[in-house]
Amino acid sequence: MADPRLVKLADVLVNYSTKVKPGDWVHIEAGRIAVPLVREIVTQVVKAGGHPTFRLESEEIGEAFYASAKDEQLKWTSPLDMLMIKQVDVAIFISAPENTRSMSAINPENQQKRQKAYRKWMETYMKRSASGSLRWTMANYPCTALAQEADMSLADYEDFVYKGTFTDKTDPVKAWLKVHDDQEKLVKFLEGKKEFSIKGTNADIVMNIEGRKFINSDGDQNMPSGEVFTSPVENSANGWVKFTYPAVHLGREVAGVRLVFKNGKVINATAEKNEDFLNKMLDTDKGSRVLGELGLGTNYGITRFTKDILFDEKIGGSFHLAVGAGFEECGGTNVSSLHWDFICDARKDIEMRVDGELFYRNGKFAI
């Protein structure tokens, strides 16, 4: 018998996050060990009148490809992938790794070439998401590898996931609607503002948000959610940030990252661990050094770092910056096959000001 919280998670993903309708093509991509969750998602999709398709993935197979592929193979994009992203009505992505470090020995240049090849896929994904013609969500299946990354037992990690998604509650949707209402106050305050600054022990940076829309992320895409975010004006960010948490990308952990921005672009990037990989990714394409996102974590139910961006960027009392692709729905114009988030704890010795007015100090909003 399925964990009732897992059944609720599937229900939330299908009927709240993506609002599947009769006739929708719903494509599900998941790690192969996530079959119990995929089964419940398919059940909910069918009940809603949708047409489900799915693909199960494996790190072992991915590692084998990267280890042996030639340039021509790395630069080839699957017509099936392009067909899906151009035509699907709903996409549901489920992370369920068996080994989060399976790519550690792979040449980062191979990963870089693959990302460049899928730039058109990413552009289509971003444009369709911005227009509303693609409804999507992503979530985690509680599994041993993710529990180990978070330094938790599997049982504790299951509790963590279900608590973070509110699927441990009687009415998860009601809880997410309250998140929406609380965050909407922040979004309304930020409307029409021009300058956003972050200053403190780990940051001294200013950027322009004039004409940019802040998004109220209330679980309709990422699950869990709990953030407000935008794409700052592309040539406006000046200053530096030292990120307090490691950043994991393509199976590699980069720790102690410090980025220096000038006129919106990273001009210097250092790290205490995997600095070479960091800079290779930043050189993926012409847009990959541009600041593509400013995000503020508002989910105070997520209190610990787990090396998983899906949860970590929502930590209440944190902010994150992403380099690479911007969000068209926010007014962002930067195009890149990269979108990489870096997170900073803002619960101590940090304040944020908007047009000179105090907005946030030491983990709490001041408005």
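Values for this structure:
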quantity: Rounded to 5, the percent of DSSP beta bridges in the chain classed as antiparallel; calculated: 75 percent
quantity: Footprinting exposure proxy for H320, H27 (fewest neighbouring C-beta atoms within 10 Å first); calculated: H27, H320
quantity: Region 4-164, relative contact order in percent, only Cα pairs under 8 angstrom and at least six apart counted; calculated: 26 percent
quantity: Nearest-0.05 FRET efficiency for K178 and F365, computed from C-beta distance (R0 22 Å); calculated: 0.85
quantity: Electrostatic dipole magnitude of the chain [Cβ: Lys, Arg +1; Asp, Glu -1; Cα centre; debye, to 20]; calculated: 640 debye
quantity: Contour excess over end-to-end distance, with Cα ends at W25 and D349 and 0.36 nm allotted per residue; calculated: 111.8 nm
quantity: Eligible lysines near K194 by straight Cα distance, threshold 27 Å, same-chain separation 8 or greater; calculated: K127, K185, K213, K242, K262, K265, K286, K314, K348, K364
quantity: Values of log10 I(q)/I(0), in the order q = 0.15 Å⁻¹, for region 173-365 under a Debye, Cα-only, solvent-free model; calculated: -0.85
quantity: Selected from A139, M352, H249, residue furthest toward positive end of dipole (the chain; charges at beta carbon); calculated: M352
quantity: Residues E210, E109, E149, sorted so that the one with the fewest Cβ neighbours within 10 Å comes first; calculated: E109, E210, E149
quantity: Å³ per residue enclosed by the Cα convex hull of the chain; calculated: 125 Å³
quantity: Region 68-132 and region 167-231: distance between their alpha carbon centers, rounded to Å; calculated: 27 Å
quantity: Rough spin-label spacing in nm, given labels placed 7 Å along Cα→Cβ, for V46 and N107; calculated: 4.6 nm
quantity: Check: region 4-164 dipole with +1 on Lys, Arg Cβ and -1 on Asp, Glu Cβ, in debye; calculated: 780 debye
quantity: Paramagnetic reach from K286 in region 302-331 [backbone N under 15 Å; point 7 Å along Cα→Cβ]; calculated: 325
quantity: Cut-off 12 Å between beta-carbons: net charge of the residues surrounding W240, Lys and Arg +1, Asp and Glu -1; calculated: +3
quantity: Neighbour-count ranking [beta-carbon atoms within 10 angstrom, fewest first] of H249, H51; calculated: H51, H249
quantity: Neighbourhood charge, 13 Å Cβ-Cβ cut-off, centred on G295 and excluding it, Lys, Arg +1 and Asp, Glu -1; calculated: -3
quantity: Charge sum, other residues only, whose C-beta stays under 10 Å from R304's C-beta, Lys/Arg counted +1 and Asp/Glu -1; calculated: -2
quantity: log10 of Debye I(q)/I(0), alpha-carbon scatterers only, for region 4-164 at 0.11, 0.15 Å⁻¹; calculated: -0.51, -0.92
quantity: Amide N proximity, region 323-367 versus F189 label position 7 Å along Cα-to-Cβ, cut-off under 19 Å; calculated: 345-367
quantity: Length released on extending from S78 to K169, taking residue separation times 0.36 nm less the Cα-Cα span; calculated: 28.7 nm
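Each value in this text was obtained by applying a stated rule to the coordinates, not by laboratory testing. Predicted model, so just to flag it, every value in this text is computed and none were measured. Glycine gets a Cβ as well: all are built from the backbone with ideal geometry, and neighbour counts include every protein chain shown.
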